[in-house]
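The values are calculated or read from the model by the stated rules, or taken from the named source; none is laboratory data. Not measured: the values here are computed from a predicted model. Heads up, the Cβs are rebuilt from the backbone with ideal geometry, glycines too, and the neighbour counts pull from every protein chain shown.
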Amino acid sequence: MEWLNYHHLRYFWTVAREGSLKKAAEKLRVSQPSISAQLSELEEVLGEKLFRRSGRNKVLTDAGQIALRYADEIFSLGREMVNAIKQRPTVQALRLYVGVADSFPKLVTHEILRPVFSLPQAIHVICREGKLEDLLEQLTAHRLDIVLADETASSATKARTFNHPLGESSTSFCASGKLAATLRKDFPKSLHEAPALLPSDATSLRRAVEVWFRELGIQPRVVAEFEDLALMQVMAAEGRGFIALPSVVVEEATRRYGFRIVGQADTCRVQFHAITAERRIVHPAVARITGAAAAHSP
């Protein structure tokens, strides 16, 4: 059985957090060669390089990212143990690393994560936003516990992943005051040649809306396109054009930004998915999310 030298792990953890041998040496009050030797021994035991050089700094490899995550938990538990023995009150928070595809509506993210905060133990959620492909790589490298997306993971994904449908929503069209009043009169024909602020082509919402437009012979005048739906809503609040949103978040969006609903397209639907990777131990917060699929779709 191979034993982990926690002294070596402490040196690795400090270098990873400080970003360089020099800063770590200053904090630990030891020489840089001493730290370097300890890191080499740890890498030999693990059989993987934990750092790569980037200029004068040490940058974590994929293996290093995984090791850092475990080291965070190990030393957090160490502090917890000391506090428990010394009878200091403390609560160990459960960490949940969530990847959110940049095309995924932020208000939907909030609703999906809501059940996590009702877990019996304290929860610490870390959200990371990015392209779905990048997030899936982090998921398979154990840097994320779950990914939220508006499309499923491709079958071409290298590692084994699981798609969990969380529900679907119709699409609602909204605009600010005067524009909304004008577009309501003859919806959906009123959207033809009307100024539109739309999601980017890469999003499933945009693809669904485009299909719906084509079926009805509607060609809006696209003023701007966005990967960030939150920014799209901010600009729409200034009356620059109408927007399309999943109906499930319209009530919150109208409350926050003062939109008025122009109309709803029941046949224009978007889906929401949670994506997980194969794990020997199921994260309780992940189980809560995947088990809380939407009871109904608007």
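What do you reckon, is S34 more than 29 Å from the chain's Cα centre (by Cα) and loosely packed, with under 14 Cβ neighbours inside 10 Å?
On the way: more than 29 Å from the chain's Cα centre (by Cα): yes; loosely packed, with under 14 Cβ neighbours inside 10 Å: yes.
The answer is yes for S34.
What number of residues within region 141-179 satisfy the criterion of being polar (S, T, N, Q) and buried (at least 19 other Cβ atoms within 10 Å of the Cβ)?
Step one: list which residues in region 141-179 are polar (S, T, N, Q), which gives 152, 154-155, 157, 161, 163, 169-172, 176.
From what's left, buried (at least 19 other Cβ atoms within 10 Å of the Cβ): 169, 171-172, 176.
Looking only at that region, the number is 4.
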Determine if region 89-107 includes at least one residue that is touching a Pro at 6+ places or on another chain (Cβ under 7 Å), crowded, with 17+ Cβ neighbours inside 10 Å and of a type outside the set (D, E, K, R). yes
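Within region 42-53, how many residues turn out to be in a helix (DSSP H, G or I) and farther than 21 Å from D72 by Cβ?
Restricting attention to region 42-53, the residues satisfying the condition of being in a helix (DSSP H, G or I) are 42-46.
Still in the running and farther than 21 Å from D72 by Cβ: 44.
Number of matching residues: 1.
Here is a yes/no grid of residues against (1) modelled with pLDDT of 90 or more; (2) within 13 Å of Q264 (Cα to Cα):
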site	(1), (2)
C174	yes, yes
A202	no, no
A208	yes, no
V211	yes, no
R221	yes, no
F242	yes, yes
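Could you tell me whether T182 is among the hydroxyl-bearing types (S, T, Y), surrounded by 14 or more Cβ atoms within 10 Å (Cβ to Cβ), touching a helix residue (DSSP H, G or I) at 6+ places or on another chain (Cβ under 8 Å) and in contact (Cβ under 8 Å) with a residue 24 or more places away in the chain?
Numbers: among the hydroxyl-bearing types (S, T, Y): yes; surrounded by 14 or more Cβ atoms within 10 Å (Cβ to Cβ): yes; touching a helix residue (DSSP H, G or I) at 6+ places or on another chain (Cβ under 8 Å): yes; in contact (Cβ under 8 Å) with a residue 24 or more places away in the chain: no.
So T182 fails the test.
Yes or no, residue by residue, for (1) of a type in the set (D, E, K, R); (2) not in a helix (DSSP H, G or I):
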| residue | (1), (2) |
| --- | --- |
| L4 | no, yes |
| H8 | no, no |
| Y11 | no, no |
| V15 | no, no |
| K23 | yes, no |
| E26 | yes, no |
| V30 | no, yes |
| S34 | no, no |
| L39 | no, no |
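Among the helices (runs of 4 or more DSSP H) contained in region 184-297, which hold 1 or more residues that are out of contact with any Cys (no Cβ under 9 Å at 6 or more places or on another chain) and among the small types (G, A, S)? Spell out how you get there, then give the answer.
Details: elements: 204-216, 229-236, 250-257, 284-290.
Output list reads 204-216, 229-236, 284-290.
Applying the selection to region 192-207, what residues are crowded, with 22+ Cβ neighbours inside 10 Å and in contact (Cβ under 8 Å) with a residue 60 or more places away in the chain? First the steps, then the outcome.
Quick first cut of region 192-207, residues crowded, with 22+ Cβ neighbours inside 10 Å only: 196-199, 203, 205.
Of everything in region 192-207, those that are crowded, with 22+ Cβ neighbours inside 10 Å and in contact (Cβ under 8 Å) with a residue 60 or more places away in the chain turn out to be P199, T203, L205.
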Residue in region 51-72 that is farthest from W13 (Cα to Cα), counting only those that are free of Cβ contacts under 8 Å to residues at least 40 places away in the same chain and out of contact with any Leu (no Cβ under 7 Å at 6 or more places or on another chain): G55
Kindly check whether there is at least one residue in region 7-30 that is within 22 Å of L144 (Cα to Cα) and out of contact with any helix residue (DSSP H, G or I) (no Cβ under 9 Å at 6 or more places or on another chain). yes
